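Colleague: Next up is a structure, given as structure tokens.
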Amino acid sequence: MMGPRGAGKTTLLNEIEHEAESAGWRVISVDANVNPRSEDSVLSMIEEGCLEHIDDISPDAKRRLTGLNIAQVLGVNWTNQPARKRSLRRMLEGLVDAAVAEGGAGVLVTVDEFHNLPEDEASSLSSSLQRVTERNKKRLAFIGTGLAQMKHTLLKQPGFTFFRRCDHNTVGHLSLDDAMAAIEGPLADAHVQIDGPELVRAASATRGLAYAVQSIGAHLWRACGGPPGPITAAHVDAAVPLMEDDVADKVITPVWSRLSAADKRFLFAMLPDTANSSLVSIGDRLGKPSAHVHTYKGRLLDEGVVTESPLGDLAFTSVAVRYRATQEQALEAMSSQESLRLSAQIPTEDTPSGSLLAPLQPPATCGVPMPRAKKPCVLPEGHSGPHRSVLPKPR
């Protein structure tokens with residue numbers, strides 16, 4: 001399964017694992033987002049999972065009779081069998097055979113954050129899974145989740161035939177109806193009412209991002225004092241900015257750190273559009289040919305920061321992405337202005353207003369008063385999204 005951050009890949013994987021266990025599958029679940037200082041590799045964690053399941057199926061499988069104690073008259077001594085060096089393939093085959101022999105359905109191996117898997121480990125895992133499933137026809141299943149970028153990185157490496165032949169399913173954004181159902185369902189179960197217009201407004205604010213749906217549901221619950229309820233327009237007004245902050249911190253910041261300068265300029269070129277952006281208008285603003293636009297469109301779709309309409313136009317995946325692009329563009333403009341100011345000679349008081357040495361004026365700001373902050377909005381004039389009293393530094 002591939003998809004952007006926050007799309008709900010891990011949650012969906014957890015549900016699949018639960019259903020598989022209920023259907024009699026032995027599940028080995030590992031996370032490739034391991035601490036780089038840890039000695040545990042993904043392969044070693046899978047091997048450990050094999051041993052745990054084998055020990056659960058037959059506790060005596062790792063023990064052997066070592067001798068008789070004559071002095072105790074037929075006393076029996078048991079010791080743990082020393083671990084033998086075994087290949088991952090043989091361990092998986094042994095576990096599948098043991099699971100099927102006890103009446104189980106088979107073995108499911110899952111790897112979350114698969115895009116983080118080192119190439120050497122991915123290659124070893126690929127060859128082991130291929131041998132067990134295709135050649136030896138064992139009841140072994142595999143599911144991995146990761147960012148779509150691995151189509152252009154990890155999955156392009158030689159020797160990964162097994163993973164390239166797997167079904168590649170994309171976990172995209174939720175429809176408006178699905179987002180509404182995901183918000184309303186838990187509230188209804190707790191007997192908390194939310195009227196149709198407010199439900200539509202809350203669901204629309206998430207733009208179908210699963211993480212955003214979870215976040216706004218939690219903030220609505222807290223805002224209404226859950227479970228007293230009902231949820232009002234004021235509660236939605238309070239919950240939406242909090243949800244956007246959560247998405248910016250937990251979803252957008254990790255993605256933004258991976259974007260190149262050219263990726264960001266592409267997003268800046270979308271900012272003048274209040275709705276979707278056509279590829280032609282983006283190319284005109286960038287001054288780039290169609291091939292360049294299509295290349296970066298694919299990169300940003302894989303990163304999950306833009307979505308594509310049926311007509312081929314692009315839109316930001318969330319208000320949080322647009323707001324981050326707005327911030328970055330404003331900071332870049334301010335930085336450029338400051339660099340020009342420092343590189344120019346210091347003007348005197350009698351410098352003509354039209355002179356090249358005249359002080360550069362900062363970009364126009366919004367200036368809308370913010371009663372709670374007791375400050376004016378410092379974002380660029382004509383910005384989108386909520387007003388802000390402080391222009392944060394880029395992370």
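Colleague: Among (1) open to solvent by 30 Å² or more (accessible area, probe 1.4 Å); (2) on the phi > 0 side of the Ramachandran plot, there is one condition M180 misses while meeting the rest; what is its number?
Modeller: (2)
Colleague: Report yes if T79 is modelled with pLDDT of 75 or more, open to solvent by 20 Å² or more (accessible area, probe 1.4 Å), among the hydroxyl-bearing types (S, T, Y) and farther than 18 Å from S44 by Cα, otherwise no.
Modeller: no
Colleague: Return the only residue of A238, A275 being open to solvent by 30 Å² or more (accessible area, probe 1.4 Å), in contact with a strand residue (DSSP E or B) (Cβ under 8 Å, 6 or more places away or on another chain) and either in a loop (DSSP other than H, G, I, E, B) or small (G, A, S) (or both).
Modeller: Going through A238, A275 in turn, the sole match is A275.
Colleague: Pairs needed: first member in the stretch 1-20, on the phi < 0 side of the Ramachandran plot and among the basic types (K, R); second member anywhere, open to solvent by 60 Å² or more (accessible area, probe 1.4 Å) and assigned to a helix (DSSP H, G or I); C-beta distance under 9 Å; at least 6 residues apart or different chains.
Modeller: Short answer, once both residue conditions are applied: R5/Y211; R5/K250.
Colleague: So, in the stretch 268-325, exactly how many residues are under 19 Å from G172 (Cβ atoms) and among the aliphatic types (A, V, I, L, M)?
Modeller: Total satisfying the criteria: 10.
Colleague: May I pose another question? Tell me, yes or no, whether the stretch 335-342 has at least one residue that is at pLDDT below 75, hydrophobic (A, V, I, L, M, F, W, C) and in contact with a helix residue (DSSP H, G or I) (Cβ under 8 Å, 6 or more places away or on another chain).
Modeller: Within the stretch 335-342, none of the residues are at pLDDT below 75, hydrophobic (A, V, I, L, M, F, W, C) and in contact with a helix residue (DSSP H, G or I) (Cβ under 8 Å, 6 or more places away or on another chain).
Colleague: Right, another one. From (1) free of Cβ contacts under 8 Å to residues at least 40 places away in the same chain; (2) open to solvent by 20 Å² or more (accessible area, probe 1.4 Å); (3) not in a helix (DSSP H, G or I), pick out the condition that doesn't hold for G208.
Modeller: Here G208 clears every test but (2).
Colleague: Follow-up. Given the criteria open to solvent by 60 Å² or more (accessible area, probe 1.4 Å) and either over 22 Å from A7 (Cβ atoms) or touching a residue at least 24 places away in the same chain (Cβ under 8 Å) (or both), does H219 qualify?
Modeller: So H219 does not fit the description; no.
Colleague: Checking Q329 against (1) modelled with pLDDT of 75 or more; (2) open to solvent by less than 30 Å² (accessible area, probe 1.4 Å), only one condition comes out false. Which one?
Modeller: Result: Q329 passes all but (2).
Results for (1) modelled with pLDDT under 90; (2) outside any loop (DSSP other than H, G, I, E, B); (3) under 30 Å from I231 (Cβ atoms), shown as yes or no for each residue.
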| position | (1), (2), (3) |
| --- | --- |
| S123 | yes, yes, no |
| K137 | yes, no, no |
| I143 | no, yes, no |
| M150 | yes, yes, no |
| G159 | yes, no, no |
| A182 | no, yes, yes |
| G185 | no, yes, yes |
| R201 | no, yes, yes |
| S204 | no, yes, yes |
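Colleague: Could you please find all residues in the stretch 99-113 being open to solvent by less than 10 Å² (accessible area, probe 1.4 Å) and in contact with a Ser or Thr (Cβ under 7 Å, 6 or more places away or on another chain)?
Modeller: Once the filter is applied, which keeps residues that are open to solvent by less than 10 Å² (accessible area, probe 1.4 Å) and in contact with a Ser or Thr (Cβ under 7 Å, 6 or more places away or on another chain), the stretch 99-113 yields only T110.
Colleague: Also, I was wondering about something else. When you go through (1) surrounded by fewer than 15 Cβ atoms within 10 Å (Cβ to Cβ); (2) in a helix (DSSP H, G or I) one by one for P228, which number turns out not to apply?
Modeller: Here P228 clears every test but (2).
Colleague: What single numbered condition from (1) out of contact with any strand residue (DSSP E or B) (no Cβ under 6 Å at 6 or more places or on another chain); (2) farther than 27 Å from G146 by Cα; (3) not in a loop (DSSP other than H, G, I, E, B) fails to hold for K288?
Modeller: All conditions pass for K288, except number (3).
The values are calculated or read from the model by the stated rules, or taken from the named source; none is laboratory data. Not measured: the values here are computed from a predicted model. Cβ: placed from backbone, ideal geometry, glycine included. Neighbour counts: every protein chain shown. Accessible surface areas use protein heavy atoms only, side chains included; no ligands, DNA or RNA. Shrake-Rupley method; radii C 1.70, N 1.55, O 1.52, S 1.80 Å.
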